[in-house]
Each structure stands twice: as C-alpha cells, then as structure tokens.
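Asks: First, the structure itself, so that you have it in front of you.
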C-alpha cells in the first residue's frame, strides 16, 4: 500500500476550497454515499473553520459502485454543478442529505442552488465529467486508496482519523511547524 499521493494537486483539475497556497493540503478521496464520509463531513467543515487560510481542502471522487447505487450519479452531479461554479454547494447538499438520496435528488439540489437547469441536466451526460470521476478514482487506486474516506496531508497518507480532535491536532501541528512528517 502506498503512503504517498501519486497525483499532485492541479488547479485546473481538482475541486478545492481554501487558500491556494496554504501550508496544509488535505486531500480526501470520498464517496458521496459512504456513511463514514458523511460522518467526517462535519469534521472537515470544522477543520476549515479552525484553520482558515492555513488549509487547502481537495475533494476527489472515489465512488464505490458495488456498494452505493447513486455514488456515480452524485459524483457526476457535483461535477455538473462545478461547471457553473457551485461544486461545493452541491457537495454540501449531497452530504447533508446523504441518507435520503434518490435519482431525482440531484435535480432538486441543482434547483435549490439556482443552477441553470438546462445546462445542469445536459452536462450530466458529458463524457468528460464521467472521465473526471474515473480519473479521480484511478489516481486514488495508484495512491493506494482502497476505502473511503482516505486522506492525504501534504502528500502523505493520513491513517489516524479517529475523530475531529485527532485530525485537528495533526493539521494544527503541521501548519505551525511546516513539517510534512507525522505518524
């Protein structure tokens, strides 16, 4: 199993929030229907609040298709929203409503965040969006991702996520020391 992120951050490819140049880069490989990803969603939001511009958070798709019926649909819907500059709004709505997803959920979410519905519905059929999700997944496989959520901090796999406090302590330490070495 790899302990290093094989595909570095790319502003033209990755969905990210936070400071472009931040001492901390947290990459999550996630599945919108994964229960554990849903549980860490709130911890990531808290981490973003606490660390502010010290943190760049990157979300990459790792849909577990055999386990989650709407994982691919959710990933593609978030990428369709990204075409209109609203990836994070869609990301948040999907996670906040994770337990209640049905096929029509993504169109309802698109209306709620005021997307151009024709563009949204048409773009969900774009092969490039499906390829984006597949490329994220393949980059995860190359980096040793075998479950969700999987995190990398400054390019190093982080295996210590037990709760918000453990992640915060590690990230806070790294942002204050500038070190990439940990556990």
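Asks: Need at least 3 residues that are more than 19 Å from residue 148 (Cβ to Cβ) per element, so show me which helices (runs of 4 or more DSSP H) inside segment 1-116 make the cut, counting only ones lying wholly within it.
Replies: On the way: elements: 35-51, 71-82, 87-96, 105-112.
The helices (runs of 4 or more DSSP H) meeting that bar are 35-51, 71-82, 105-112.
Asks: While we're here: Return yes or no: is residue 95 at pLDDT 95 or above, buried (at least 20 other Cβ atoms within 10 Å of the Cβ) and within 25 Å of residue 19 (Cα to Cα)? Steps first, answer last, please.
Replies: Values: at pLDDT 95 or above: yes; buried (at least 20 other Cβ atoms within 10 Å of the Cβ): yes; within 25 Å of residue 19 (Cα to Cα): yes.
Against the criterion (at pLDDT 95 or above, buried (at least 20 other Cβ atoms within 10 Å of the Cβ) and within 25 Å of residue 19 (Cα to Cα)), residue 95 qualifies.
Asks: Right, here's the next one. Hey, can you tell me all the residues within segment 111-144 that are buried (at least 19 other Cβ atoms within 10 Å of the Cβ) and in contact (Cβ under 8 Å) with a residue 60 or more places away in the chain?
Replies: Residues satisfying the conditions are 132, 133, 136, 137, 139, 140, 143.
Asks: Could you count how many residues in segment 58-87 are surrounded by fewer than 20 Cβ atoms within 10 Å (Cβ to Cβ), under 17 Å from residue 102 (Cα atoms) and touching a residue at least 60 places away in the same chain (Cβ under 8 Å)?
Replies: 1
Asks: I'm told residue 51 meets every condition in (1) more than 25 Å from residue 99 (Cα to Cα); (2) surrounded by fewer than 18 Cβ atoms within 10 Å (Cβ to Cβ) except one. Can you identify the failing condition by its number?
Replies: The single condition residue 51 does not satisfy is (2).
Asks: Considering only segment 144-165, I want to know if a residue exists there that is within 21 Å of residue 23 (Cβ to Cβ), more than 18 Å from the chain's Cα centre (by Cα) and either at pLDDT 90 or above or not in a loop (DSSP other than H, G, I, E, B) (or both).
Replies: yes
Asks: So, residue 108, is that one over 14 Å from the mean Cα position of the chain (by Cα), at pLDDT below 95, surrounded by fewer than 21 Cβ atoms within 10 Å (Cβ to Cβ) and more than 23 Å from residue 167 (Cα to Cα) or not? Show your work before the answer.
Replies: On the way: over 14 Å from the mean Cα position of the chain (by Cα): yes; at pLDDT below 95: no; surrounded by fewer than 21 Cβ atoms within 10 Å (Cβ to Cβ): yes; more than 23 Å from residue 167 (Cα to Cα): yes.
Taking the combined requirement at face value, the residue does not satisfy it.
Asks: Go through segment 36-57 and count every residue that is more than 13 Å from the chain's Cα centre (by Cα), over 18 Å from residue 157 (Cα atoms) and touching a residue at least 60 places away in the same chain (Cβ under 8 Å).
Replies: Counting residues in segment 36-57 that are more than 13 Å from the chain's Cα centre (by Cα), over 18 Å from residue 157 (Cα atoms) and touching a residue at least 60 places away in the same chain (Cβ under 8 Å) gives 4.
The values are calculated or read from the model by the stated rules, or taken from the named source; none is laboratory data. Since the model is a prediction, treat every value here as computed from it, not as a measurement. Reconstructed Cβ throughout: ideal geometry from the backbone, glycine too, with neighbour counts over all protein chains shown.
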